[in-house]
Amino acid sequence: MAVFLQNLINALQWGSFYALIALGYSMVYSILMLFNFAHGDIFMVGAYIGFGVSTALVALTAMGAFALPNWLILVLTILFSMFLTSFVGMIVERVGYRPLRDAPRASAAITGLMIGIILETGNLALLGAQRISFPPLIRTATYDLGGVYVTNKKIMIVVVSLGLALALHQFIRRTRWGMAIRAMAFDYVVVPLMGVPLNKMAALTFGLGSALAAAAGILFGVAYPVLDPYMGILIGWKAFVAAILGGRGSILGATLAGFLMGFIEIFVAMVFPSTLRDLIAYSIILLILVFRPHGFFGEPYSARLRL
Amino acid sequence: MCKRLLLVGMLALAATFLFPGVRGAAAVPTIRIGINAPLTGDIPKVGEGTKYAAQMWLEDINAAGGLDVGGKKFKVELIIEDNESKAESAVTVATKLITEDEVLAIIGPQASKQAVPAGEVANNYKTPMISPWSTNPDTTKDRPYVFRGCFLDPFQGPVAANFIKDEFGFKKAAVLYDVASDYPKGLAEFFKKAWEEINGPGSVVAFESFTTKDVDFSSQLTKIIQSGADVLFTPQYYNEVALIVQQAHQLGWDKPIVGSDSWGSAETVKLCGKDCYGLFFSTHYAAAGATGATKEFIDRYNAKYGYVPDDVGALTWDSMRILQQAIQDTGGLSGDVKKDRQAVRDALAKIKNFEGITGKMTFTEDGDPIKCAVIVRISDKGEFEFYKSVCP
Amino acid sequence: MQATSDKRWFKRLGRSFSQVPLLGWLLGALVAVALEQIGGLSLAWAVGLPKIPVLFGFLMALKKPLLVPSALLYVVLIYVLPIGVIARVSASPLNRLAGKLFSSSLVISVVIHLGLLYATLHVWAGISDYRLLVLKLALIAILLTLSLNVVNGYMGEFSCSHPGFMALGAYGASICTVVLFVDDKLFGSALLPAAIGPFFFPLALILGGLLAAVGALAVAIPSFRTRGDYLAIISLAFMFIVKSMIENLEIVGGPRGLSSQPDWANLPTVFLWTVAGIWIINNFVRSTIGKALNAVRDNEMAADAMTVNTRRTKFIAFCFAAFWAGIAGGLFAHVLRYVNPSTFGIQKLAEVLAMVYFGGLNSVYGSIVGALGISLLGEALRPLEIFKWIIIPLLLILVMIYRPTGLIAFREFDVVKLLQSKQHSEKGV
C-alpha cells in the first residue's frame, strides 16, 4: 500500500509536467487545428528564461538591491518568465505559422520542427554545451508519512499546475477572449467573418500555451534542476501524445491525459520490469487509441479536418 | 561572344592538362590529425571537452614550433569534425578524415555507438584511431588499428563491486541504469555479475532501468528502496547522477550510492550540490589533490576554459599525448601517408608504461590499455578526493 | 540596355539547351567526371586548390573562404563547361539516337540511360571513398524519402513510424546475413559459405522489408478507424515500441547494437535497389491504387462512396511503404556495417520528414530532390559545425513559407517524357 501511495504521488508530480505542456498543444490546436511542434523547445526556452530571471533576482537580492524571500523570488520568476516566454511563442507563431495559414497542415508541422531545432542549436551556440543547474530557491523538506515520502516541492508542483489548468479553464469559460477562443474552435471559417480577429486569437493561444510551458519549465527546474538545450524534445513529444490522447483541443482532456501519461509511465515501471517500460507504456497508449480512436474527449474526425 | 568565351575556357582546360601544375611548394611538412567529436546532438559537452583538450595540445605543439619527429620539425594541423552524435555521421566523418583530409591518425569518436562503426572504417583504411572514452569491447576487438584510452567495463564492474564489499561489507545491492545506452548497461551487467560472484546469486535485489533523457526515476527508486538494498550502484552520466541522487534522498534513501567513471566531471557536484557529498565512484583520476602533470593539466584547462576538465578531457589529452609519443617513436615520417600510418600504428602497439595523467598505460594486443582505476570520494567541499587505487 | 541584352542572351541559351535530350546531359556528365578523373588533380593544383574538391568545393570554400574563387573556377571548368559544351554539341545527333532508341524499344533506352547514369556516378565516386559513402547514403535516403512520401504525400497521413520500419528492416536483414555468413560472437559461426553470400543478399534485404511490412500492420489496422493526428501518435508510439523492443532484445545486441555485417552494399547494389525502388514506387503511385490513395487523402468518405475500398488501400499503402523503408534500412545497415537502436529515434524522424516536405509532397521528383538536397547539404555544410543546424532549418522554413508543399510537389515522374528526343517533342507541340 505504501508503495502504491508513493508511486501515486510520484505519478502526480510527473504527470503535472505532461499536463501543463499538453495544455499548450491543445490551446493552439483549438484555434488553428495545428500542433505546434516547437512547443517542447519553447518549454526549454521557458526553463532557461526562468533560470536567467531567478539568477538575476537572486543576484540583486544578494547585492542588497532589495530583500526578497526565496519563495517570493520563485513566484516572481514564474510570473516574469511566463510573460517573457509568451512573446517567444508569439514570435514563433508570427515566423513559422502565420505565413502558412493556408498551407497544408503538415507544412506548418515541419516549420514547427525546424524552429525547434533552431531554438536548440541557437541555445547551444549561445550558451555553450554545459548543462545548467537551476538555482535551488526553496529548500527541500521531506515529510515521512508512514513510509510514504512527500516533499514540499512535489506538493507545490502539483498544486501550481492544477491551479494553472483551472485558471486557464476559467479564462476560457468566463472571459470575452475565452469566448472568442471557444467560438473559433467551434467554427474556424465563419467566426473570423463575424469580426473575431484570427491572427490576434492565434497569437493569444500561442502566448498562453507558451506561458504555461514556461511555468512547466520552471517547475521542472525546481524538481529536476538540470537544464540542457535538448531537454524539451522527448518530454515535448510525449506531451504531444497526451494532448491527442485527451482529445484534440480539449482543456480538460489534455490535463487528464497528461496525468494519465504520468501514471502509465510510473505504474508500468512499478508493476513490470522497468527495462520494458517504454515498450509496455506505448503499447497501452496504442491500444487505447485502437479502442478509442478519438481520444477521451475528442469528437470523431469528419468535415472538420482540414488538409 | 559566347563562342569566344567557350574557346578561352577550352584552351585553359587544355593547358592545365598539358602542363600538369606543380603542387605549391610544400614549405613546411604538415602532420594532420583528425578529431571526430560530437559537437552537436545528445552529448555536446563531451564534444566540447574533446575539442578543448585537443586544442590545448595543439597549443603546446605550436609553442614548441611544431612536432619534432626524427630531428625534423613538422607543423601540426587538427581537423575537428562534428559527428552530431549519430552513428552514420561518425562513419562519414571518419571516411572524410581518412580519404579527404589524409590524416595520419584519428582521435575519437567518444561514445561507443559511434566508435564501433567508425573503428571499422579506420581499420579498413589502416589508419590508427584512438577512442579515448569508448568502453565497448567491440570497438577495438580484432581491429589492430584501433586503440582506446580508457579501461573497459569488464574491469571496472568488479572494481566497484569489490570496493563496496571491502569498504562497507554489504550483502544486498541495487542497480539503476539506462537501458538504452550501451555504456551504463554494459557496466551495470558486469557489476551485477561480479557482485553475484561475491555474494551469491540473488544478491542484486533490484536491477532497475530507465531510458535515455528520462528525468524522473521515482518509480524505480521506490522499488529499489522497497527491495531492502544496502547500496545503490548507478553507472550514469553526471547529469543523471544529480537527479538520481537528489530524488533518492527525497524518497527517503539514506544509504550509500556508488558510481563509475562517468561521474568524473566537474559538473557532477555543480548540478548535484550537497546531495552528492560523501559518495564514492571509480574513475581514472582524482582531480582534487592531483599532483604533477595531472594537476598541471587541470589547472591549465581550468584557467583557459573556466571549469575543471571532465574525464573525457583528460582521456582525450592522454590520447593526444600517446599519439604524439607514437609519432615521435617512428623516428621519422616518409611523407607517404599510408606508410606513416602503418609506422604510427606499430609504434602505438609498442608503447609501454606511458605516463598519462590518467595513469600508466600499456596497450594489450587488442589495443586496450591496462590501467589502474582510482576510487574517489566526493569530499564535503565538493572536491574529488583520492581514496584508493585498484590495479588489474 | 545592357541588362536586356543579357536577358536575351540567357533566354537564347536556355532555349538552345532545352533541346538537349537526357542522353546528352548524361553523356556530358560522364565526360566531365572522366575529365576530372584524368586531369582533376592537376587542374585543382593549377587553380590553387590543395586537392580535388570533393563536394563541388563546398567543404574547402567554407573552411578557407579565400579559396572560393578557385573552387568556383574549378567547378566551372570541370563540370559546367564540359557538360554544357558536350550537351550542346551532341544535341542533334543524340536527339536522333534517343528518338531511334525510344521508338525501337523502351527497355533498351532505359537500360542505356541507366548505364550512363551509373557510369557517371561510378567515376564520380571513384575519386574518393568519402564521395562514395556520401553517395550511397544519399541513394538510401532517396529510397526512404520516397517510401515515406507514399504515406505522407500520396495518402496524406502524417506517419511518424518510418524510423521504426527502417529499424525492423535493418535488423531483419542484418540478422539474416550475420547469422548465415559471418562468424560472430552473438550468433556463432557462419552457417553457409561466404561465397554465395552476395547472391543471397537481395533475399536478406527482402526479408528485412517483409519484416517491416508485417510491423506496419500495427499502424495499418488502427488506421481503418482513425486518421490524422490520432494516427500520427499511433505511429509515433509504434516507433518508440520498436526502439524499446530492440533495446530489450539481448540476442541482437540490445543497446550495444549489431555489428560486423558483411560488406555487400557496394555502389552497384545500392544503385540498383534505389532504381528498382523508384521504378516500382513510381508505378505504384501511378496505378489505380495510387489514384485511390489520392482519393482517400482528399476525401475518405467520398472515396468510399466511389467504390474505393479504403481499408484495402490504406492497408496496402502502409505495408508497401514499410517494405521499402525496410529495404532502405537493410541497405543502411550494410553500408555502415553497424546498427544500434538509438539511430532510429526522433532525430531520424525529423530528418526524413524534412526530406519529404523539402522535396515536395506527392511527387517522385520531389523526393529525389529532397533526399539528395538535404543529405548533400548536410555533408557540404559540415565545416560550419553547430551553425549547420541553424542554416538547414532556416532554409527549410523558407521553403515551407514560399512553397508550402515543397520544392517540386504534385509532379508526375514520367519516364516516357524523360527519355524522348527533345526535338521531336518540340515539333509535336
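Read-outs throughout are calculated quantities, based only on the coordinates presented, and are distinct from any laboratory measurement. For clarity, every value in this text was computed on a predicted model and none was experimentally measured. Neighbour counts run over all protein chains shown; Cβ positions are idealised from the backbone, glycine included.
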**Message:** Can you compute log10 of I(q)/I(0) for segment C:297-425 with the Debye formula, treating each Cα as one identical point scatterer, at q = 0.09, 0.18 Å⁻¹?
**Reply:** -0.39, -1.20
**Item:** segment C:2-126: Rg to Rh, with Rh as the Kirkwood radius over Cα pairs
**Value:** 1.06
**Message:** Quick check on segment B:215-275: take the gyration tensor over C-alpha atoms, sort the square-rooted eigenvalues as a ≥ b ≥ c, and tell me if it's rounded (a/c under 1.5), prolate or oblate.
**Reply:** prolate
**Item:** segment B:39-112: Rg to Rh, with Rh as the Kirkwood radius over Cα pairs
**Value:** 1.02
**Request:** Give me a single rounded figure for B:104-116: the average over its residues of other chain Cβ atoms within 10 Å of their Cβ.
**Result:** 2
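When only C-alpha pairs under 8 Å and at least 6 residues apart count, what is the relative contact order of chain B, in percent? Intermediate values should be presented prior to the final figure.
Values: 780 pairs, mean separation 63.0, N = 392.
Relative contact order for chain B comes out at 16 percent.
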**Share of pairwise Cα separations in chain C, more than 43 Å, in percent** = 17
**Request:** Once you have all Cα-Cα distances for the protein assembly as shown, histogram them in 20 Å bins from zero and send the whole-percent values.
**Result:** 11, 41, 36, 11, 1
**Message:** List the lysines whose Cα sits under 24 Å from the Cα of B:K270, skipping any in the same chain fewer than 8 residues away.
**Reply:** A:K153, A:K154, B:K45, B:K51, B:K213, B:K255, B:K295, B:K304, B:K381, B:K388
**Complete:** Taking the alpha-carbon centre of each part, the distance from segment B:252-301 to segment A:22-43 in Å is 41
**Message:** What three numbers, in Å, describe the spread of the alpha carbons of chain B along their principal axes, ordered from the longest?
**Reply:** 87, 50, 40
**Asked** Hey, which of these cross-link pairs are over 25 Å Cα-Cα: B:K73/B:K360; C:K348/C:K388; B:K96/B:K371?
**Response** B:K73/B:K360; B:K96/B:K371
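Based on the Kirkwood radius over alpha-carbon pairs, what is the Stokes-Einstein translational diffusion coefficient of segment A:24-229 at 10 °C with 1.306 mPa s viscosity, in µm²/s?
On the way: Rh = 18.3 Å.
Diffusion coefficient, whole number: 87 µm²/s.
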**Asked** Any idea which of B:P137, B:F354, B:V344 is furthest toward the positive side of the dipole for chain B, if Lys and Arg beta-carbons carry +1 and Asp and Glu beta-carbons -1?
**Response** B:V344
**Item:** Shape parameters for segment B:227-324, alpha-carbon atoms, Rg then Dmax in Å
**Value:** 15.1, 51
**Item:** Proximal lysines to B:K339, defined as alpha-carbon separation beneath 16 angstrom and excluding residues fewer than eight positions away on the same chain
**Value:** B:K126
**Asked** Of A:G178, B:G41, C:L137, which is farthest along the charge dipole of the protein assembly as shown in the positive direction, counting Lys and Arg as +1 and Asp and Glu as -1 at C-beta?
**Response** A:G178
**Fill in**
Distance in nm between A:D144 and B:F386 label points, each 7 Å along Cα→Cβ, equals 3.9
**Prompt:** Once phi is turned into ³J(HN,Hα) by the Karplus curve 6.51 cos²θ - 1.76 cosθ + 1.60 with θ = phi - 60°, what whole-Hz value does each residue of segment B:346-360 show in order, with x for glycine and proline?
**Reply:** 4, 5, 4, 5, 8, 4, 10, 6, 5, 7, x, 6, 9, x, 6
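Answer rounded, prolate or oblate for segment B:153-283, using the Cα gyration tensor with square roots of eigenvalues a ≥ b ≥ c: rounded when a/c is under 1.5, else prolate when a/b is larger than b/c, else oblate. Provide the component values of the computation, followed by the final result.
Values: a/c = 1.36, a/b = 1.25, b/c = 1.08.
Verdict is rounded for segment B:153-283.
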**Message:** Over segment C:129-417, what is the relative contact order in percent, taking alpha-carbon pairs closer than 8 angstrom and at least six residues apart?
**Reply:** 32
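Quick check for me: using +1 on Lys/Arg Cβ and -1 on Asp/Glu Cβ, what's the dipole size of the protein assembly as shown about its Cα centre, in debye to the nearest 20?
Values: 94 positive and 78 negative charges, 761 e Å.
The dipole of the protein assembly as shown has a size of about 3660 debye.
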**Request:** For B:F74, enumerate residues with amide H under 5 Å from its amide H, sequence gap 5+ or separate chain, H modeled in the peptide plane.
**Result:** B:L67, B:D68, B:V69
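Write down the percent of antiparallel bridges among all DSSP beta bridges whose residues are both part of chain B, to the nearest 5.
Details: 17 of 46 bridges.
Of the beta bridges lying entirely in chain B, close to 35 percent run antiparallel.
For segment A:159-307, what ratio Rg/Rh do Cα atoms give with a Kirkwood hydrodynamic radius?
Details: Rg = 17.4 Å, Rh = 17.3 Å.
Result for segment A:159-307 is an Rg/Rh of 1.01.
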**Request:** Taking amide H positions as placed in the peptide plane 1.01 Å from N, state which residues far from C:D184 in sequence (5 or more) or on other chains have amide H under 5 Å from it.
**Result:** C:S189, C:A190
**Request:** Would you mind ranking C:R227, B:R341 by Cβ crowding within 10 Å, fewest neighbours first?
**Result:** B:R341, C:R227
**Amide H contacts of C:L249 (H built 1.01 Å from N, under 5 Å, at least 5 apart or other chain)** = C:G254
**Asked** Quick one: Cα centre-to-centre distance for segment C:341-359 and segment C:241-309, in angstrom?
**Response** 14
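When the dipole is taken about the Cα centre of chain B, and only Lys, Arg (+1) and Asp, Glu (-1) are charged at their Cβ, what size is it in debye, to the nearest 20? Walk me through the intermediate numbers first.
On the way: 42 positive and 49 negative charges, 206 e Å.
Dipole about the Cα centre, nearest 20: 980 debye.
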**Request:** Report relative contact order for segment A:24-229 in percent, whole number only (criteria: Cα-Cα under 8 Å, sequence separation at least 6).
**Result:** 45
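With N denoting the number of residues in segment B:306-392, provide Rg(C-alpha) divided by 2.2 N^0.38 Å, to two decimal places. Show your work: numbers first, answer last.
Working: Rg = 16.3 Å, N = 87, 2.2 N^0.38 = 12.0 Å.
Against the compact-globule rule of thumb, the ratio is 1.36.
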**Furthest towards positive pole of dipole, B:H249, B:A160, B:N239, structure part segment B:153-283, Cβ charges** = B:H249
**Dipole magnitude (debye, nearest 20) for segment B:267-392, charges at Cβ of Lys, Arg, Asp, Glu** = 140
**Request:** Enter the Cα centre distance for the pair segment C:361-389 and segment C:59-82, rounded to the nearest angstrom.
**Result:** 20
**Item:** chain B: most fluctuating residue of B:V91, B:V374, B:V69 per GNM, C-alpha cutoff 10 Å
**Value:** B:V69
**Message:** Apply the Karplus curve 6.51 cos²θ - 1.76 cosθ + 1.60, θ = phi - 60°, to the phi angles in segment B:113-122 and return the couplings in whole Hz, x for Gly and Pro.
**Reply:** 5, 9, 5, 5, x, 5, x, 4, 4, 4
**Request:** Restricting things to alpha carbons, tell me how big segment A:90-166 is in terms of Rg and Dmax, in Å.
**Result:** 20.1, 58
**Message:** Less than 20 Å apart at the alpha-carbon level, and either on another chain or at least 8 residues along: which lysines does that give for C:K422?
**Reply:** C:K11, C:K100
**Request:** Would you kindly derive the ³J(HN,Hα) couplings of segment C:286-299 from the backbone phi angles with the Karplus curve 6.51 cos²θ - 1.76 cosθ + 1.60 (θ = phi - 60°), listing them in order in whole Hz, with x for Gly and Pro?
**Result:** 8, 7, 4, 5, x, 5, 4, 4, 4, 5, 4, 5, 6, 6
